[in-house]
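This report concerns only the one structure given below.
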Amino acid sequence: MNAHPLDLAAAVAAPLRASLHAGNPDVVTGRKDYVAAADGLYVRARTPALNVTTRIATATLPYAGLSECIVPANGPVSTALLREFADMAVADKEREIAAVIVAHDTGYRLIRVDGDDRSAGHVTYDDSGVDDDALVIDLHSHGRLPAYFSGQDDRSDLSRRGPYLAMVVGQCDRTPTFACRLVLPPHLVELDLLDLYKTGVLL
């Protein structure tokens, strides 16, 4: 039986590899692949700004191990940029705001992208001018509400190519809190903010 053309296209777009003792070549910039490893299924992807490997399913398989990683191209992202966005969110706590952190030269830059359609429960913004190849963190606030990802956030985050980190700042009328995740469509992987410091993603 011949393979279906759509199956062949999927295999080319995101091939499945096995983690063997000799290891795997690095995933090509701009591409994504899946790797079967000793403890489950991993997805790897790379842009010029971010290189990620994350486990998306747990299983016991007869392969070598593989480690999860999130590696920003220009080194750790400074907490000062997150603090700057949190300060913006606190100053505008009655409405949601949005921004992105992008790789820029040898560092990173925070760019506010929210538009005029903002309220306590939503923000609409045009980020079409943001280069997916440079995107490291997508940020928005929830005003006085807690930090969490809504269904609308899911749809918005998955509309970009990825990989990138998404963060929400909540409780902007008190001590702000963060929720964060890795976006690698069609996967949304919840992350612990403290782990991003422990692994050197943030500094």
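Points worth noting:
- The chain: relative contact order in percent, alpha carbon pairs under 8 Å with at least 6 residues between: 15
- Surface accessible to a 1.4 Å probe, per residue, for the residues of the chain, Å²: 52
- Principal axis extents of the Cα atoms in the range 21-63, from largest to smallest and rounded to whole angstrom, are 32, 22, 11.
- Accessible surface of the range 52-94, 1.4 Å probe, proportion on carbon and sulfur as whole %: 53
- From phi via Karplus (6.51, -1.76, 1.60), per-residue ³J(HN,Hα) for the range 37-54 in Hz, x at Gly/Pro: 10, 4, 10, x, 9, 10, 10, 10, 7, 8, 10, x, 9, 8, 10, 10, 9, 9
- Element breakdown for the range 143-191 at a 1.4 angstrom probe: carbon and sulfur atoms account for 53% of the accessible area.
- For the chain, the mean residue ellipticity at 222 nm estimated from helices alone is -5000 deg cm²/dmol, where every DSSP H run of n ≥ 4 contributes -39500 (n - 2.57) and the total is divided by all residues, rounded to the nearest 500.
- Computed P(r) (all Cα pairs; the chain; 5 Å bins; percent): 1, 7, 15, 18, 18, 15, 10, 7, 5, 3, 1, 0, 0
- The peptide list 28-41, 158-171, put in order of mean Cβ contacts within 10 Å with the highest first, becomes 158-171, 28-41.
- Taking a Cβ cut-off of under 14 Å around Ala18, the surrounding Lys, Arg, Asp and Glu residues balance to a net charge of 0, with basic ones at +1 and acidic ones at -1.
- Look at the alpha carbon pairs under 8 Å that are at least 6 residues apart: their mean separation over the length of the range 17-77 gives a relative contact order of 30 percent.
The values are calculated or read from the model by the stated rules, or taken from the named source; none is laboratory data. The structure presented is a predicted model; accordingly, all values stated were derived computationally and were not measured. Using ideal geometry, Cβ is built from the backbone for each residue, glycine included, and neighbour counts are taken over all protein chains shown. We work out accessible area using only protein heavy atoms, side chains counted, and drop any ligands, DNA or RNA first. Shrake-Rupley method; radii C 1.70, N 1.55, O 1.52, S 1.80 Å.
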